[in-house]
1. Which members of the stretch 115-124 meet the condition of being open to solvent by less than 70 Å² (accessible area, probe 1.4 Å) and assigned to a helix (DSSP H, G or I)?
2. Select from the stretch 82-104 the residues that are polar (S, T, N, Q) and surrounded by 15 or more Cβ atoms within 10 Å (Cβ to Cβ) and write down the one among them that is modelled with the lowest pLDDT.
3. Kindly provide the set of residues from the stretch 105-114 that are within 12 Å of F80 (Cβ to Cβ) and either open to solvent by 80 Å² or more (accessible area, probe 1.4 Å) or within 15 Å of the chain's Cα centre (by Cα) (or both), ordered by number.
4. Take the residues of the stretch 125-163 that are open to solvent by 50 Å² or more (accessible area, probe 1.4 Å) and not in a helix (DSSP H, G or I): which is nearest to R69 (Cα to Cα)?
5. When both residues are 6+ apart or on different chains and their Cβ atoms are under 8 Å apart, which pairs have a first residue that lies in the stretch 1-30 and is within 22 Å of D136 (Cα to Cα), and a second that is surrounded by fewer than 16 Cβ atoms within 10 Å (Cβ to Cβ) and of a type in the set (S, T, N, Q)?
6. Could you please let me know if S74 is at pLDDT 95 or above and part of a loop (DSSP other than H, G, I, E, B)?
7. Output the residues belonging to the stretch 128-144 that are touching a strand residue (DSSP E or B) at 6+ places or on another chain (Cβ under 7 Å) and without any contact (Cβ under 8 Å) to a residue 40 or more places away in the chain.
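The values are calculated or read from the model by the stated rules, or taken from the named source; none is laboratory data. Bear in mind the structure is a predicted one, so any value in this text is a computation, not a measurement. Counting neighbours? That spans all protein chains shown, and the Cβs are built from the backbone with ideal geometry, glycine included. Please note that ligands, DNA and RNA were not included when accessible areas were found on the heavy atoms of the full protein model with its side chains. Shrake-Rupley method; radii C 1.70, N 1.55, O 1.52, S 1.80 Å.
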Amino acid sequence: FIEPALPQGFKIVEQDGSFVKFPKVFEDGVVLEASCDLADSVFNPEMSDEIQDPEANKKLVSRPDFKIRLVKKSGRAVVFDCAFSEMASEEVADQIPSFEIVSVEVEALSGYFVRADMLDEEVYSQMVNLLLERIDTKFQEQLENFFTDQEHKLYLDFLKELNAYCKE
């Protein structure tokens with residue numbers, strides 16, 4: 001089994017069961033820290049007959065909700081709760097995020113966050129642009145691939161442990 005590849009420039013700093021956290025430090029000192037819990041993260045659109053057919057050989061994809069924490073050199077941080085989106089069309093998928101911001105938290109106001117649907121369009125757009133300064137569509141693709149590979153590894157470990165339990 002090949003170890004799941006992280007998005008370029010990232011390194012796992014914490015992993016506990018299905019939880020994983022991995023930061024990247026940029027040249028200007030800003031740290032982007034991504035984290036997620038991979039439990040129950042397999043994306044399965046409506047379980048169509050084609051997907052249920054074992055002969056279809058479709059690859060299941062892990063698309064968990066995840067957090068992106070941006071920390072400036074001063075220590076000020078903003079946290080974005082994100083979810084993968086199905087709304088991006090194929091034509092513009094290389095220009096816009098394949099995920100949406102669900103909520104935003106400024107860490108200086110611990111515990112307080114604003115749901116993205118409460119932000120006006122201009123502020124939401126600025127939040128997306130803030131993220132796009134640090135990540136691109138290549139990162140997004142690498143992120144989804146990492147989540148999928150990591151979830152697959154966890155699933156294999158699950159089956160191994162379940163098998164050992166049943167044999168005992």
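1. The first filter runs over the stretch 115-124 and keeps only residues open to solvent by less than 70 Å² (accessible area, probe 1.4 Å), leaving 116, 119, 123-124.
Listed by number, the residues that qualify are A116, V123, Y124.
2. Start the filter on the stretch 82-104 by keeping residues that are polar (S, T, N, Q), which leaves 85, 89, 95, 98, 103.
Still in the list and also surrounded by 15 or more Cβ atoms within 10 Å (Cβ to Cβ): 98, 103.
Numbers: S98: 79, S103: 97.
For the stretch 82-104, the residue satisfying everything is S98.
3. At the first step, the residues of the stretch 105-114 found to be within 12 Å of F80 (Cβ to Cβ) are 105-107, 113-114.
F113, the sole residue that qualifies.
4. Selected residue: R134.
5. That search, which allows pairs on different chains as well, returns K21/Q15.
6. Details: at pLDDT 95 or above: yes; part of a loop (DSSP other than H, G, I, E, B): yes.
Criteria met by S74.
7. Residue satisfying the conditions is V128 alone.
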